[in-house]
Amino acid sequence: MKNPFKDKTWFKFLSNKYVWVSLSFFTWMVFLDNYSYFEHRFLNKQIDELEDNATYYQGEIKKDEEHIKQLKNPMQVEKYAREKYYMKKDSEDIYIVEFNSDSLKKK
């Protein structure tokens, strides 16, 4: 008995062993391999996040370097200590005044 599909092009294409090997290789590389397409997408997202973090931290480093330059001046150190840590000289009194709008922003 003769196969009725033997002369069809799609049958010839699908019966070719190289097509099956290529399809299995493609399936393996896209879905199953350690270096699959999905793994690459995941790793690329992580790389993008890390690059964003790197640019953020580089900006923070520049800000901190500016603060360090300013704190080399003794007057700036005194100003920073008074504003941040409420330090005072022995002969001074400090009064901290909070407005209603300030307490609403802190909540």
Given [x] 18.8; [y] 17.0; [z] 7.0 as possible values of mean projected area of the Cα convex hull in nm², the one from the coordinates is [y]
Would you mind telling me which residue in Lys88, Lys45, Lys62 has the biggest mean-square fluctuation in a Gaussian network model of the chain, where springs connect alpha carbons within a distance under 10 angstrom? Lys88
Hey, what's region 44-104 come to in accessible area per residue, 1.4 Å probe, Å²? 99 Å²
Rounded accessible area of Glu65 (nearest 10 Å², 1.4 Å probe): 100 Å²
First compute the accessible area of the chain with a 1.4 Å probe, then give the percent of it belonging to carbon and sulfur atoms. 59 percent
Packing-based order for 28-35, 78-85, using average beta carbon neighbours within 10 Å, highest first: 78-85, 28-35
Whenever you get a sec, line up Ser36, Ser91, Ser15 from highest to lowest accessible area (probe 1.4 Å, protein heavy atoms). Ser91, Ser15, Ser36
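The values are calculated or read from the model by the stated rules, or taken from the named source; none is laboratory data. In this text the structure is predicted, and so the values were computed from the model without any measurement. Cβ coordinates were reconstructed from backbone atoms using ideal geometry, including for glycine residues, and neighbour counts include every protein chain displayed. The area values use the complete protein model at the heavy-atom level, side chains included, leaving out ligands, DNA and RNA. Shrake-Rupley method; radii C 1.70, N 1.55, O 1.52, S 1.80 Å.
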